[in-house]
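Student: Pasting a structure below so you can have a look.
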Amino acid sequence: MIQQRQLLAIAVLSALIRERRGQFPVVVDTPLARLDRSHREALIKRFFAKVSHQVMVLSTDEEVEGSVYEAMQRYTSKAFVIEFSDAQRASEVSEVPLLMAA
């Protein structure tokens, strides 16, 4: 049921974006969390790749791994990891080098 709601929300967002006037960036927070691998890959290829000229996806490391990570790289210009440091009591941001497909 949760997966269906998430897909419905993405479909509604997609429809609203198609009707927009002009370009604007899209930020999506943990959109892949409750989807299985095949739905994650489909969402990347059919939604993220086409929804806007600039899309920021906030995700957990478990959402974007393996074949999902590979599918997303094709449409990614930069990737970052945000990790909390107990020692510094602050988050640290570092850029992740993208692996280029051969």
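Any read-out appearing in this document is the output of simple, stated calculations on the displayed coordinates, not a laboratory observation. Keep in mind it's a predicted model, so treat the numbers as computed, not measured. Please note: Cβ atoms are built from the backbone with ideal geometry, for glycine as well, and neighbour counts cover all protein chains shown.
Student: In the chain, with Lys and Arg counted as +1 and Asp and Glu as -1 at Cβ, which of these residues, 60, 44, 99, has the Cα nearest the positive end of the dipole, that is, farthest along it?
Tutor: 44
Student: Quick check on the chain: what does the Kirkwood estimate of hydrodynamic radius come out to from the alpha carbon pairs, in Å?
Tutor: For the chain, the Kirkwood estimate is 15.0 Å.
Student: Ordered by residue, what ³J(HN,Hα) values in Hz, to whole numbers, does region 54-64 give under the Karplus form 6.51 cos²θ - 1.76 cosθ + 1.60, where θ = phi - 60° and Gly and Pro are x?
Tutor: With coefficients 6.51, -1.76 and 1.60, one gets 9, 10, 10, 10, 9, 9, 8, 5, 6, 6, 10 Hz.
Student: A follow-up question, please. Which one, 35, 72, 14, projects farthest toward the positive side of the charge dipole computed for region 2-96 from Cβ point charges (K/R +1, D/E -1)?
Tutor: Positive-end residue among those listed: 14.
Student: So, one more: Which order do peptides 44-52, 83-91, 10-18 fall in by mean Cβ count within 10 Å, highest first?
Tutor: Going by the mean number of other Cβ atoms within 10 Å, highest first, we get 44-52, 10-18, 83-91.
Student: With +1 assigned to the C-beta of every Lys and Arg and -1 to the C-beta of every Asp and Glu, and no other charges, what is the dipole magnitude of the chain about the Cα centre in debye, to the nearest 20?
Tutor: Rounded to the nearest 20 debye, it is 740 debye.
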